[in-house]
């Protein structure tokens, strides 16, 4: 029996993973038990403090699946609080894994760790260094986590790592800052940029995390369906027009609107639209041993039909 502890397990992926694994093998942790399947054992754990050392020390799991992260900050959340969960929380979980002899650590990172840069190759392979933009909290935090994990692979080789650099996750009920862009009357694009998106189906992601926890080869893997969609592809699928603006004009508009509370986004958001990381998934298929059931275009079409019945 492999004992598996899941952090952030009350989230979308954690719930799917808990539903897929044998009840007797898993412990789900989070701040609150919300939406978890019946019969799943739960303990409250706040990754930002001493809880990981206590809980992991008590439970002695073979595998820790670390899902706890802030993808879309709720209103009022400060960057310091997001840092505490994303970076300090991962450091606490990692230290507890080393201290208590955990055999394998699975971490859901993000393609955002590569950063949003004009010189990003298309597509990006796992050999490209992670350079998350400091102005984007999520990208910056994921790059810091990746550096921490790389140090641990060097200093603590006895702890196997599976690091999943995940693309944009879509599935039934997905609602975040990216889907908010798709729900606009017109899709926003930067003149001269394709604004490409890669998508992974929620069910594919759950299967990948399950495989990572139960025997896939250790390593770092990009996680995305085959192919990608440009903003024009997405607009055609939705039957919506595209509003193309020069990067300089949009930066100026956001620089004025954001301090006045007229937009939740600042001028740094332009790079998010201009230089989206396009993930190469060949290593996922050839080394990890999983081919996503749905391509990026099929994932988007599934979300579109469910979001607009």
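Below are the figures for this structure:
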{"item": "Ranked 221, 290, 116, criterion: other C-beta atoms within 10 Å, fewest first", "result": "290, 116, 221"}
{"item": "Neighbour-count order for 293, 24, fewest beta carbons within 10 angstrom listed first", "result": "24, 293"}
{"item": "Nearest-ten-degree value, helix 202-213 long axis tilted from longest Cα axis of the chain", "result": "30 degrees"}
{"item": "Efficiency of FRET between residue 252 and residue 78 - r from beta-carbon atoms, R0 41 angstrom, step 0.05", "result": "0.95"}
{"item": "The chain: calculated mean residue ellipticity at 222 nm from DSSP helix runs of at least 4, using -39500 (n - 2.57)", "result": "-10000 deg cm²/dmol"}
{"item": "Acute angle (nearest 10 degrees) that the helix 247-257 long axis makes with the longest principal axis of the chain, alpha-carbon atoms", "result": "80 degrees"}
{"item": "Contour minus Cα-Cα distance for residue 286 and residue 41 (0.36 nm per residue)", "result": "84.7 nm"}
{"item": "Overall dimensions of the range 11-66 by Cα: Rg and Dmax, Å", "result": "10.9, 29"}
{"item": "Hydrodynamic radius of the range 73-203 per Kirkwood, over alpha carbon pairs, in Å", "result": "16.6 Å"}
{"item": "Label point distance in nm, residue 34-residue 154, each placed 7 Å from Cα along Cα→Cβ", "result": "3.8 nm"}
{"item": "Spin-label model distance (nm) - residue 122 vs residue 58, 7 Å beyond Cα toward Cβ", "result": "5.1 nm"}
{"item": "Peptide ranges 86-97, 127-138 listed from the most packed, as the mean C-beta count within 10 angstrom indicates", "result": "86-97, 127-138"}
{"item": "Whole-angstrom gap from the range 18-44 to the range 128-168, using each part's C-alpha centre", "result": "26 Å"}
{"item": "The range 14-160 - percent relative contact order, Cα under 8 Å, separation 6 or more", "result": "20 percent"}
{"item": "Debye log10 I(q)/I(0) for the range 171-290, one point scatterer per Cα, at q = 0.19, 0.20, 0.23 Å⁻¹", "result": "-1.06, -1.12, -1.31"}
{"item": "Mean separation of Cα contacts under 8 Å, 6 or more apart, over the residue count of the chain: relative contact order %", "result": "18 percent"}
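Every number in this text was worked out from the coordinates using simple rules, so none of it is lab data. None of the values given here were measured: they were computed from a predicted structure. With ideal geometry, Cβ positions are generated from the backbone for all residues, glycine too; neighbour counts draw on all protein chains shown.
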